[in-house]
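Enquirer: After the structure tokens below, expect a handful of questions from me.
Any read-out appearing in this document is the output of simple, stated calculations on the displayed coordinates, not a laboratory observation. The structure displayed is predicted, hence computed values, not measured ones. Positions of Cβ are backbone-derived with ideal geometry, glycine not excepted, and every protein chain shown enters the neighbour counts.
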Amino acid sequence: MIYFLRHAHRDTEDPGADNGLSEKGWEQCDDLVRYFRKHVPVLDQARSSPKMRCMQTTEFVAKQYKLKVSEDWALHETAGDSDRDFRDRVIKFLEKLQSEKKTLLLGTHGDVLDVVLRWAGQKGEIKKGDLLIWDPSSNHWEVNPLRSRH
């Protein structure tokens, strides 16, 4: 299983800054931990975009599993890439994940998740602090499970 985690709400006083989570974001992290404790018995690995808001969100969940979060630039937002280069980067990453046998937590951004949803042929919007779950073995997708069950 692969859990794509969109970073929680961030401090937006300076939207251009690599800033951390807001109070609302930390509350969203608490909701995420409750979900993971109830529904996800094991995580094997945690990776995140290097942006602070993604690292903080991912680390908050990963520490429940005693996991260290590694930075993964494939999960980074567009950051000046052309639309095509960005999309190709994300799709190449997804194609590698198709053979993954571990349970992964991947902290990322909304624009990455938009590409993931289109690639998967899924509909929906992943808001800040939401999840997208993929089982590569069956190609089953679950969009926003936090909204449907807590």
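Enquirer: Which ordering of W26, W73 is given by a fewest-first count of other beta-carbon atoms within 10 Å?
Expert: Listed from fewest to most nearby Cβ atoms, that is W73, W26.
Enquirer: Which links in K24/K96; K66/K123; K24/K63; K38/K127 stretch past 31 Å when you go from one Cα to the other?
Expert: K24/K96; K66/K123
Enquirer: Let me ask you something else. Suppose R0 equals 25 Å. What FRET efficiency, 1/(1 + (r/R0)^6) with r the Cβ-Cβ distance, do K68 and D18 give to the nearest 0.05?
Expert: The pair K68/D18 has a calculated efficiency of 0.80.
Enquirer: So which trypsin sites (Lys or Arg not before Pro) in segment 12-121 end up in coil per DSSP with only 12 or fewer other C-beta atoms within 10 Å?
Expert: Hits after loop and neighbour filter: K66, K68, K101, K102.
Enquirer: With a 10 Å Cβ neighbour count serving as the proxy for reagent exposure, in which order, fewest first, do V42, V115, V61 appear?
Expert: Placing the least packed residue first, the sequence is V42, V115, V61.
Enquirer: Could you pull the Rg and Dmax for the chain, using just the Cα atoms, both in Å?
Expert: When restricted to Cα atoms, the chain yields Rg and Dmax of 14.2, 42 Å.
Enquirer: Assuming R0 = 35 Å, can you tell me the calculated FRET efficiency for the pair K96 and K38, based on Cβ-Cβ distance, to the nearest 0.05?
Expert: 0.75
Enquirer: May I pose another question? Taking every DSSP beta bridge that has both residues in the chain, what percent is antiparallel when rounded to the nearest 5?
Expert: In the chain, approximately 45 percent of DSSP beta bridges are antiparallel ones.
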